[in-house]
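Enquirer: Okay, here's the structure, questions in a sec.
Coordinate-derived values only; no laboratory data. Predicted model, so just to flag it, every value in this text is computed and none were measured. Here the Cβ is made from the backbone with ideal geometry for all residues, glycine too, and neighbour counts use every protein chain on show.
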Amino acid sequence: MKNLFFILILLISTSGNLFANKRAECLEAVSKGKEVMDINDMKVYSYKGKTYTFRDKSNRCFERALR
């Protein structure tokens, strides 16, 4: 039972770091990348072969999946 609890805590703690790393990567793309388009409060940036979206009003930043 203790092992299961330890594994659960480990998984939860690493998932938060993964989100923080993705956000940091996205904010780096916003500061160093090339702005591709600007629609209302949403800006799309291209950086190192990936596309990122930044929303001004909500301060959200995420990697954009192209179809």
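Enquirer: Could you derive backbone 3J(HN,Hα) for the stretch 21-29 from the dihedral phi with the Karplus parameters 6.51, -1.76 and 1.60 (θ = phi - 60°), listing whole Hz in sequence and x where the residue is Gly or Pro?
Expert: Using θ = phi - 60°, the values come out as 5, 5, 5, 5, 5, 5, 5, 5, 5 Hz.
Enquirer: Sticking with this structure for a sec: Can you give me the long-range amide H partners of residue 64? Hydrogens built in the peptide plane at 1.01 Å from N, cutoff under 5 Å, separation of 5 or more residues or another chain.
Expert: Amide H to amide H, under 5 Å and 5 or more residues apart or across chains, residue 64 pairs with 51, 52, 53.
Enquirer: Here's another thing I want to ask about it. Quick one: Karplus J couplings for the stretch 44-57, per residue in order, coefficients 6.51, -1.76, 1.60, θ = phi - 60°, nearest Hz, x for Gly and Pro?
Expert: Listing the rounded values in order: 10, 10, 10, 7, 6, x, 10, 10, 10, 10, 10, 9, 5, 5 Hz.
Enquirer: Order by neighbour count: 43, 50, fewest other Cβ atoms within 10 Å first, most last.
Expert: So the residues, fewest neighbours to most, are 50, 43.
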